[in-house]
Amino acid sequence: MALHCVTLEEGADLEGFRRAVRQLIAEELAPQHVTWVVAAPDLFGERDEQEGEAPPVALPRSVGEMIGLVVRHNDPERYALLYQLVWRVLNGERELLHIESDPLVHRLNGMARDVRRCLSQDAASDGPIQTGLRRVDREDEQESAMPTRSKPETEDPRDTEDPRDHEPKTLKELNAAIAAAGPLVPGATQAVFGEGPAHADIVFVGEQPGDQEDLQGRPFVGPAGRLFDKAMKEAGIDRDKVYLTNAVKHFKFEQRGHRRIHSKPTAGEVKHYRPWLMKELELVRPKLVVALGGTAVLALTGKQTPISRSRGRARFGDLNGYVTVHPSYLLRLPDEETRHQAYDAFLRDLAHIRDLAKADPRTGELPLAAE
């Protein structure tokens, strides 16, 4: 299906977003089939009015309030993110905004906080509010971006529930939430979940699924995964006893003829998926988290750091960590001698990782070898 392009005016185009969402929902266009463009009015002239106004969209009040805030942000993806929210709420995820570990909700909450902070700083001034994000006239300050259901005379008990009640409490629940959210970038066949024991001692975090992982729905089953299996076996690490996952849960690629070529996720895409990864680690609670490559380091630390500087033992929040190369790096090396040296270094890292996972977490001491 071809992408449907929606063009909105610069600034907080609440009315344009309302109108677009009504039309998109009426046509049942999912977020992955829509692209959003912001441009000055003189670049696209008068708006094309649809024949026959699409019917209003009824949303929970909390969603309308979120839209009213986030359209004021300067993030170029704000409309796409908000439409994802609307689509998911209308398709069975009414309580979505209560699930703070969901990457979409996590990101929207951050944007809403930015706007609230700017609004509170400018509240004492007269005239238009200069949020530092998007210019909004004061008379529009309380306007909801979408029609909402009338507020009931008695408070909806769901509005007073503890948001933590909706947080995934098991890996199965987390995976269901990931599957329901759909890919951030169109094209992926399916979400690729983590795999391994629910309370493994070691978690290996890669970048994103590749072509084979996307087709099979399992992590590390392509060429890099097979090399990783070989290296783990040589280092004395049993794949069945470790947990394997990725920073990004969907395959991003470029289509070249019949081939799907891996495309590196952007920092924004890594940030989008980060809450899921952190929730995954919270549920597994491993002794050691291993970042395989720079994207995994970015996801775990929020910082882009060259592997040459960060390789070795690390800390990821309150978790013991280790940084090494991604096995796909070994496949890209140009000559056999270089590959051989890099593979040996990778094996040394894996041996160190194996030993660290056996160490006493309080003292770092390894258990005595059996006589």
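Just so it is clear, none of the values below were taken in a lab; they were calculated from the coordinates. In this text the structure is predicted, and so the values were computed from the model without any measurement. Positions of Cβ are generated from backbone atoms using ideal geometry, with glycine treated the same way; all protein chains shown enter the neighbour counts.
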Legend entry - Paramagnetic reach from residue 215 in region 165-204 [backbone N under 13 Å; point 7 Å along Cα→Cβ]: 189
Inset, instruction - Take every DSSP beta bridge with both residues inside region 173-358 and express the antiparallel ones as a percent of the total, to the nearest 5. - result: 45
Legend entry - Which of 180, 299, 342, positive extreme of dipole for region 173-358 (C-beta unit charges): 299
Inset, instruction - List 99, 67 from most exposed to least, where exposure is judged by having the fewest other Cβ atoms within 10 Å. - result: 99, 67
Legend entry - From phi via Karplus (6.51, -1.76, 1.60), per-residue ³J(HN,Hα) for region 230-243 in Hz, x at Gly/Pro: 4, 5, 4, 4, 5, 8, x, 10, 8, 4, 5, 10, 10, 10
Inset, instruction - Note down the nm distance, to one decimal, between modelled labels 7 Å out along Cα→Cβ at residue 198 and at residue 27. - result: 4.5
Legend entry - Normalised contact order of region 173-358, rounded percent, pairs of Cα under 8 Å and 6 or more residues apart: 24
Legend entry - Semi-axis lengths (Å, descending) of the ellipsoid that matches the C-alpha gyration tensor of region 173-358: 23, 20, 16
Legend entry - Estimated inter-spin distance, residue 230 and residue 303, nm [label 7 Å along Cα→Cβ]: 3.5
Legend entry - residue 313 versus residue 9: modelled label distance in nm, points set 7 Å from Cα along the beta carbon direction: 6.0
Inset, instruction - Please give the contour-minus-distance gain from residue 77 to residue 61: 0.36 nm per residue of separation, less the Cα-Cα distance, rounded to one decimal in nm. - result: 3.5 nm
Legend entry - Per-residue Cβ neighbour rank within 10 angstrom, fewest leading, 98, 340: 340, 98
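Could you calculate the contour length gain from residue 348 to residue 173, that is, 0.36 nm times the residue separation minus the distance between their Cα atoms, to one decimal place in nm? Write down the numbers at each step before the final one.
Details: separation 175, 0.36 × 175 = 63.00 nm, distance 3.61 nm.
Once the chain is fully extended between residue 348 and residue 173, it gains 59.4 nm.
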Legend entry - Residue exposure sequence - 230, 249, 279 - by fewest surrounding Cβ within 10 Å: 230, 279, 249
